[in-house]
Amino acid sequence: MAEEKYTDAIALLKADHRKVEALFEKFEKARGDSQRQLLATQIVNELKIHTIIEEEIFYPALRGRIEEDTLDEAYVEHDGAKVLVNDIAAATPSADFYDAKVTVLSEEIKHHVGEEERPSEGMFAQARRAGVDLVALRDQMLARKQELMKQAEAGGLPPAKPSAVKLVTA
């Protein structure tokens, strides 16, 4: 059964982190617009799915059980990434700032992952100390992830929606 692949919710999320990191590395080395477009699409879809399962299932399960600032910052970091995800999804590699957007997104994700995975005070460490049922969360998150992957394959995911940041134009 697929659930057995990950010991708990944190193992699932860490596997997602490693997959996206590898995709960013491939993007950096890729030559040719079609290869870069394919990799960018994979990155965008992986990040959309990951943020959805975190925001719908993982983060709400932690609310009130870990430091509020940690969760609030995670939502805001997600929203910053969502802006770039949507820009990248709507563009092609020949667009102005395309590579810069992918690079900045990669940097934002590295920062966010570092905060989640930081030993002792990171979100994952706090979740373990709080006694959250990480196995039950894994099962819920994996089921939702599989639904979203099917949706992505069938026609695509909708644009990412910021939840903490209000987009205001000058």
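Roughly how big is the stretch 62-170's charge dipole about its Cα centre, with Cβ charges of +1 (Lys, Arg) and -1 (Asp, Glu), in debye to the nearest 20? Before the final figure, lay out the partial values.
Details: 14 positive and 20 negative charges, 89 e Å.
So the magnitude is around 420 debye.
Dipole check for the stretch 1-97: with +1 at the C-beta of Lys and Arg, -1 at the C-beta of Asp and Glu, and the Cα centre as origin, the magnitude is about 580 Debye.
I'd like the trypsin sites (Lys or Arg not before Pro) in the stretch 46-108 restricted to DSSP loop residues with at most 10 other Cβ atoms within 10 Å, sorted by number.
Within the stretch 46-108, the qualifying trypsin sites (Lys or Arg not before Pro) (loop, at most 10 other Cβ atoms within 10 Å) are Arg63.
For Lys5, the aspartates and glutamates whose Cα comes closer than 16 Å to its Cα, not counting residues fewer than 8 places off in the same chain, are Asp16, Asp139.
With N set to the residue count of the chain, report its C-alpha Rg divided by 2.2 N^0.38 Å to two decimal places. Write down the numbers at each step before the final one.
Numbers: Rg = 16.1 Å, N = 170, 2.2 N^0.38 = 15.5 Å.
Relative to the 2.2 N^0.38 Å estimate, the chain comes out at 1.04.
Counting heavy atoms of the protein chains only and a 1.4 Å probe, report the per residue accessible area for the stretch 72-170 as a whole number of Å². Spell out each step's value before the answer.
Numbers: 5570 Å² over 99 residues.
Solvent-accessible surface per residue comes out at 56 Å².
FRET efficiency for the Ala170 to Asp133 pair, using the beta carbon distance and R₀ = 45 Å, is estimated at 0.50.
Relative intensity of the stretch 18-78 on a log10 scale, I(q)/I(0) at q = 0.14, 0.18 Å⁻¹, equals -0.52, -0.70, per a Debye sum over C-alpha point scatterers of equal strength in the absence of solvent. Above 13 Å, the calculated P(r) of the stretch 131-170 contains 68 percent of its Cα-Cα pairs. Of the GluC sites (Glu not before Pro) found in the stretch 85-127, those in coil by DSSP whose Cβ has at most 14 other Cβ atoms within 10 Å are Glu121.
For the stretch 46-170, the relative contact order works out to 41 percent when only alpha carbon pairs closer than 8 Å and six or more residues apart are counted.
Loop only per DSSP, at most 15 neighbouring Cβ atoms within 10 Å: give me the trypsin sites (Lys or Arg not before Pro) in the stretch 116-170, ordered by residue number. Spell out each step's value before the answer.
On the way: sites: Arg128, Arg129, Arg138, Arg144, Lys145, Lys150, Lys166; in loops: Lys166.
Those that pass, being in a loop and sparsely packed, are Lys166.
Share of carbon and sulfur in the accessible area of the stretch 53-134 stands at 52%, probe radius 1.4 Å. When the alpha carbon gyration tensor of the stretch 49-94 is reduced to an equivalent ellipsoid, its three semi-axes come out at 27, 11, 5 angstrom, largest first.
The values are calculated or read from the model by the stated rules, or taken from the named source; none is laboratory data. This one's a predicted model, so the numbers in the text were calculated from it and none came from an experiment. As a convention, Cβ positions derive from the backbone with ideal geometry for all residues, glycine included, and neighbour counts pool all protein chains shown. Just the protein is used for accessible areas: all its heavy atoms, side chains included, with ligands, DNA and RNA removed. Shrake-Rupley method; radii C 1.70, N 1.55, O 1.52, S 1.80 Å.
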